[in-house]
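Undergrad: Below is a structure I'd like to ask you about.
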Amino acid sequence: MIEDVVTPTGPYRLRLMCRSGTWAGPLADGSTASGWQRPDGRVVVRATSEAGITRARFMLALDDDTTGFHARFGRDPLLGATARRLTGYRPLRLATVSHAALRAMCGQLIEARRAMIIERSILRRLGTVVATREGLVALSPADLRADGLAISRATTLVRLVRSLDLERLRQHDTAVVLQRLGRERGIGPWSVGVIALEGLGRYDLGLVGDLGLVKLVSSLEGRWVEAGETEALLSRYEEWQGLAGQMLMLGWSRGLVPGADPDLGRRTRLRTNRAA
């Protein structure tokens, strides 16, 4: 076991990402990396190899400074209170881009709990806790359908992993990633956002159409909004929109977003459904 003590770049509070303050992340080689934050702010990272340490640092977002985000939006009318309260929060990442693509396909248009059930079922079929391209290309759409993934999404995922080395997307700017994935039938803005945020560690693409954001915007507008209307909210945060979207949903759940009652989105949808 190799240990590295890392000084995070910028504000960093692991307890905001892991309630216990201790992180454990499965890696593509079957091993597990771990991390915890010392009282002096430095993070102890352990893995079985130097490559594992490097991957764990990425998954923990230790080297991605968010100082600019907090300085710029600390007084934002919607996000400011959350940005101040949750200074040091960063979204955790997955070990492979392929796993992020799997998560994106599982999560399209369904509740998070159901999406996680499907994802775990597919991982059991793969015999691993980390999805890799090598594992996914061996599956057929019928295999994925048997695990609960809709056949259209199963077909999209199989086509994607067989035609594109997703891990190589790390080498390209976000604009190139967006253009390349945008050509794929069955992959929309939300899916691209998941791949960018959880697989590539990019903050400049938000989860357009995320159900949580739909509920948040609906609570602000007093009406049930369409998925595409979340883009206007995210776009105001420009190159930070991926991080901003995550922070807004966290802040909303804590009652930190002005004018957005955590229960209002649900009630708004009920009123809309009854009116329809």
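Undergrad: Keeping all protein chains in the complex and leaving out DNA, RNA and ligands, what accessible area do you get for Thr48 with a 1.4 Å probe, in Å² to the nearest 10?
TA: Roughly 80 Å² of Thr48 is accessible to a 1.4 Å probe.
Undergrad: Given the protein chains as shown and a 1.4 Å probe, how many square angstrom of Met249 are accessible, to the nearest 10?
TA: 50
Undergrad: Output ³J(HN,Hα) for the range 147-159: one whole-Hz value per residue in order, computed from phi by the Karplus curve 6.51 cos²θ - 1.76 cosθ + 1.60 with θ = phi - 60°, and x for Gly and Pro.
TA: So the J values, rounded to whole Hz, are 8, x, 7, 4, 4, 5, 6, 4, 5, 4, 4, 4, 4.
Undergrad: Related question: Classify the chain from the C-alpha gyration tensor, please: rounded if a/c falls under 1.5, else prolate or oblate depending on whether a/b exceeds b/c.
TA: oblate
Undergrad: So what does Val161 come to for accessible area, using a 1.4 Å probe and Å² rounded to 10?
TA: 0
Undergrad: In terms of the Cα gyration tensor, with a ≥ b ≥ c the square roots of its eigenvalues, is the range 10-98 rounded because a/c is under 1.5, prolate because a/b exceeds b/c, or oblate?
TA: Judged from the Cα gyration tensor, the range 10-98 comes out prolate (a/c at least 1.5, a/b above b/c).
Undergrad: Right, next: List the longest stretch of the chain that has no exposed loop site; here a site is one of the GluC sites (Glu not before Pro) assigned by DSSP to anything other than H, G, I, E or B, with at most 11 other Cβ within 10 Å.
TA: Segment 112-225 is the longest.
Undergrad: In the range 245-260, whose amide N lies under 16 Å from the spot 7 Å out along Cα-to-Cβ of Arg84? List them in ranges.
TA: Correct set: 251-252, 255-259.
Undergrad: In addition: Looking at the range 116-212, which trypsin sites (Lys or Arg not before Pro) are DSSP coil and have at most 14 other C-beta atoms within 10 Å of their C-beta?
TA: Here the trypsin sites (Lys or Arg not before Pro) that fit, given the DSSP loop and packing criteria, are Arg183, Arg185.
Undergrad: Write out the trypsin sites (Lys or Arg not before Pro) in the range 1-32 meeting two conditions: DSSP loop, and at most 13 other Cβ atoms within 10 Å of their Cβ.
TA: Sites meeting the loop and neighbour criteria: Arg19.
Undergrad: Relative to the Cα centre, what is the charge dipole magnitude of the range 57-195, using +1 at the beta carbon of each Lys and Arg, -1 at the beta carbon of each Asp and Glu, and rounding to the nearest 20 debye?
TA: Dipole about the Cα centre, nearest 20: 220 debye.
Undergrad: For the range 101-112, in order, what is each residue's ³J(HN,Hα) by Karplus, 6.51 cos²θ - 1.76 cosθ + 1.60 with θ = phi - 60°, in whole Hz (x at glycine and Pro)?
TA: 5, 4, 4, 4, 5, 5, x, 5, 6, 9, 5, 4
Undergrad: Taking a ≥ b ≥ c as the square roots of the eigenvalues of the Cα gyration tensor of the range 24-73, is the shape rounded (a/c under 1.5), prolate (a/b larger than b/c) or oblate?
TA: It is prolate, given that a/c is not under 1.5 and a/b is the larger ratio.
Undergrad: With the crude spin-label approximation of a point 7 Å out along Cα→Cβ, what separation in nm comes out for Asp165 versus Thr22?
TA: It is 3.8 nm.
Undergrad: Hey, another quick one. How much length, in nm to one decimal, is gained on full extension between Asp65 and Val176, taken as 0.36 nm per residue of separation minus their Cα-Cα distance?
TA: Taking 0.36 nm per residue and subtracting the Cα distance, the gain is 37.7 nm.
Undergrad: Also, I was wondering about something else. Looking at Phe73, Ser98, Ala24, which one has the Cα that reaches farthest to the positive end of the dipole of the range 22-107 (charges on Cβ: Lys, Arg +1; Asp, Glu -1)?
TA: Result: Phe73.
Undergrad: Where the Cα atoms of the range 47-188 are projected onto their three principal axes, how long is each span, largest first, in whole Å?
TA: Reported extents, whole Å, longest axis first: 50, 39, 30.
Undergrad: Rounded to the nearest 500 deg cm²/dmol, what is the calculated helix-only ellipticity per residue at 222 nm for the chain, with -39500 (n - 2.57) per DSSP H run of length n ≥ 4?
TA: That comes out to -13500 deg cm²/dmol.
Undergrad: Here's a follow-up. In nm, what is the difference between 0.36 nm times the number of residues separating Arg38 and Glu50 and their Cα-Cα distance?
TA: 2.2 nm
Undergrad: Give me, ordered by chain and number, the residues 5 or more places off Tyr89 or on other chains with an amide H under 5 Å from its own placed amide H.
TA: Arg13
Undergrad: Return a whole-number percent for the relative contact order of the range 1-142, with Cα pairs under 8 Å and 6 or more residues apart as the contact set.
TA: 24
The values are calculated or read from the model by the stated rules, or taken from the named source; none is laboratory data. Source: prediction; values computed, not measured. Don't worry about glycine lacking a Cβ; one is built from the backbone with ideal geometry, like all the others, and counts go over all protein chains shown. All accessible areas refer to the heavy atoms of the entire protein, side chains included, with ligands and DNA or RNA removed. Shrake-Rupley method; radii C 1.70, N 1.55, O 1.52, S 1.80 Å.
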